[in-house]
1. Translational D (Stokes-Einstein, µm²/s) of segment 150-224 at 4 °C and 1.567 mPa s when Rh comes from the Kirkwood sum over C-alpha pairs?
2. Give me the net charge for the shell around Pro19: Cβ to Cβ below 11 angstrom, other residues only, Lys and Arg +1, Asp and Glu -1.
3. Once the Cβ-Cβ distance between Arg475 and Asp50 is put in as r, and R0 is 41 Å, what FRET efficiency do you end up with, to the nearest 0.05?
4. Using Cα positions and a limit of under 20 Å, work out the lysines in reach of Lys402, with same-chain residues fewer than 8 apart set aside.
5. Compute the distance from the alpha-carbon center of segment 257-305 to that of segment 94-132, in whole Å.
6. Starting from the Cα of Lys442, draw a straight line to each of the aspartates and glutamates and keep only those under 15 Å, dropping any in the same chain fewer than 8 residues away.
7. Determine the equivalent ellipsoid of segment 252-297 by diagonalising the alpha-carbon gyration tensor, then write out the semi-axes as square roots of 5 times the eigenvalues, largest first, rounded to whole Å.
8. For segment 366-406, evaluate the Debye formula with one uniform point scatterer on each Cα (no solvent term) and list log10 I(q)/I(0) at q = 0.23, 0.26, 0.35 Å⁻¹, rounded to two decimals.
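No value in this document is a laboratory result; all are computed from the given coordinates. These figures come from a predicted structure and were not determined experimentally. Counting neighbours? That spans all protein chains shown, and the Cβs are built from the backbone with ideal geometry, glycine included.
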Amino acid sequence: MSSTDDAPKLYEAREPVFPRRVKGPFRSLKWIIMAVTLGIYYLTPWIRFDRGPNLPDQAVLIDLANRRFFFFWIEIWPHEFYFIAGLLIMAGLGLFLFTSAAGRVWCGYACPQTVWTDLFILVERWVEGDRNARLRLHRQKKMDFRKLRLRLTKWFLWLVIGAATGGAWVFYFTDAPTLLVDLFTGQAHPLAYGTVIILTLTTFFFGGFAREQICIYACPWPRIQAAMMDEDTIVVGYRHWRGEPRGKARKQADSNVEMGDCIDCMACVNVCPVGIDIRDGQQLECITCALCIDACDEIMDKIGKPRGLIDYMALTDEAREMSGQEVKSIWKHIFRPRTILYTVLWAGVGIGLVVALFIRPDIDMTVAPERNPTFVVQSDGSIRNIYNVRLRNKHGDDRPFKISVTGDPSLSVQVEGAENQVVVVPADEMKIQRVYITAEAKSVPATSDRSDITIWVTDISNNDRAHTATVFNGRGQ
Ligand code: SF4
Ligand code: SF4
């Protein structure tokens, strides 16, 4: 019987990954995407956009207090949440499209976890050195002054990035310059401080320590993405037929066996941010960042072999290459029924949203008839129904709205607290107005049951109109 020490471990401790610096087109592309995405995230709250005197001048603002979302000239009200839902559907379809065409490109290039981890590794490399120096420091058990200094410097810089990340997030929810001053003078809302602290710590932990473990263990996307991929999807792969049998350069020189192009230098493994060996085949951990392609191409250049031992390729490509068949063009891999369907759906939702955006009215109304009671018989025999009319003025100035009714000429309208049925709705606000509609006693027989009526709202300043159909309840109810 085996001893306790020989028993298999239930938990394998994580081996930290120290990716080596690499140069190449894919690494350059990742730098560019990192700069653009981080630039958008950190700078967007500082962009100003003049909407007039009564509206905020922050170009992108989630105004929770007034329940609005501002995006440059677009203003989304709570009842227009379908725009947000539409954008989320488009984001989901876009993710499906890119995954089915080119695997986990989102994970490899643009996912916030990847981008911030890349930034944190950049700082780590800048402070502690490249892979070998970091490995030596990690293996050094003794915490001497140098190790302590390097660690504290790195953690401090990570915390600064974390604080900037948390700070940028709260700026999206209120006027950024005002909040910045409030944060530093202790006048900001406790919620703002709490959010900044939580996001600082989560960024510090996720980008600095958890890193690839979030992608491998916490994120559900790697499990789901397989449903969007097939043998035509372009992924990062290793050309076994070209690389094997692999061997060190010296072994290759000494060997009588015809060796493959892979010199087993481990460069592709050493640059991998998730610490895998792509030569073992497709793995769930691979985020398709292509850094191993850059690393291997560099080696191939040095040993005078053609590039592309590791490459972006479809799973069908290698089999075709091995059998001498012509490899499909990249466009045939990308444009196939599945990706075309995703593109059509994505474009359909996008066009629908744009059309809805341009045809939506600047005034808006909803009508809620009072149900208890549905009507009141007054002392003179007339019948009155009460309605709560919700008026939205989406303009940047106050507007006079006239309320009227059509559908039964015997009905008269009174608007609570208003003369001539005109109410002023302040700029960019919503007002609930109580409206009384009355059928005179002599006309009551005509309205003894339910009458279909329409309540109209007219903006007197430009004659824009909105209407809502409802019913007038007579004695028959
Ligand atoms: S195997 Fe290559 S493409 Fe996959 S994560 Fe590692 S470096 Fe990136
Ligand atoms: S970088 Fe290229 S040559 Fe080096 S081990 Fe990886 S596949 Fe082989």
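1. Values: Rh = 13.7 Å.
The Stokes-Einstein estimate is 95 µm²/s.
2. Details: positive: Arg20, Arg21, Arg27, Arg125, Arg131, Arg134, Arg211; negative: Asp118, Glu124, Asp130, Glu212.
In short, +3.
3. On the way: r = 55 Å, r/R0 = 1.35.
Here the calculated transfer efficiency is 0.15.
4. Leaving aside lysines fewer than 8 places away in the same chain, those within reach of Lys402 are Lys394, Lys431.
5. Distance between centres, Cα-based: 17 Å.
6. Asp380, Asp408
7. Numbers: eigenvalues 117, 24, 13 Å².
Working through the eigenvalues yields semi-axes of 24, 11, 8 Å.
8. For segment 366-406 at q = 0.23, 0.26, 0.35 Å⁻¹, log10 I(q)/I(0) is -0.88, -0.98, -1.17.
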